[in-house]
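Below: one structure, written as structure tokens.
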Amino acid sequence: MDRAIAWVVLALVTAVPALLLAVTRVSSCADAAPGAGTSRCTSGPVLGVTGSWSAGAVAVVVVAIAVVQVVRAVRSGRPPTD
């Protein structure tokens, strides 16, 4: 059962930061000089689009492996039923 807990912790430690990094946005604005044009603002994910997709993909793979390992650990810990 300890193995199952360790896999659940690994899944949470991987998925929660990946989710937070994917939904956290950063923005910046470049103000134009008065009368010299328009200001320009940009906004996007902290890691960039590619980084967010990569972090999400890694998190999905780790969580999927963790789920399989938790199921295996729980099944191996039960006594066989006849």
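Things to note:
- For the chain, with all protein chains in place and a probe radius of 1.4 Å, 68% of the accessible heavy-atom surface sits on carbon or sulfur.
- Axis angle, to the nearest 10 degrees, between helix 48-77 and the longest C-alpha principal axis of the chain: 10 degrees.
- Label assignment, Cα extents along the principal axes in Å derived from the structure, set [x] 53, 19, 18; [y] 84, 17, 14; [z] 67, 18, 12: [y]
- Accessible solvent surface per residue of the chain, calculated while the other protein chains remain in place, 1.4 angstrom probe, Å²: 76 Å²
The values are calculated or read from the model by the stated rules, or taken from the named source; none is laboratory data. Note that the structure is predicted; figures quoted are calculated from it, not measured. Calculation scope for accessible area: heavy atoms of the full protein, side chains included, ligands and nucleic acids excluded. Shrake-Rupley method; radii C 1.70, N 1.55, O 1.52, S 1.80 Å.
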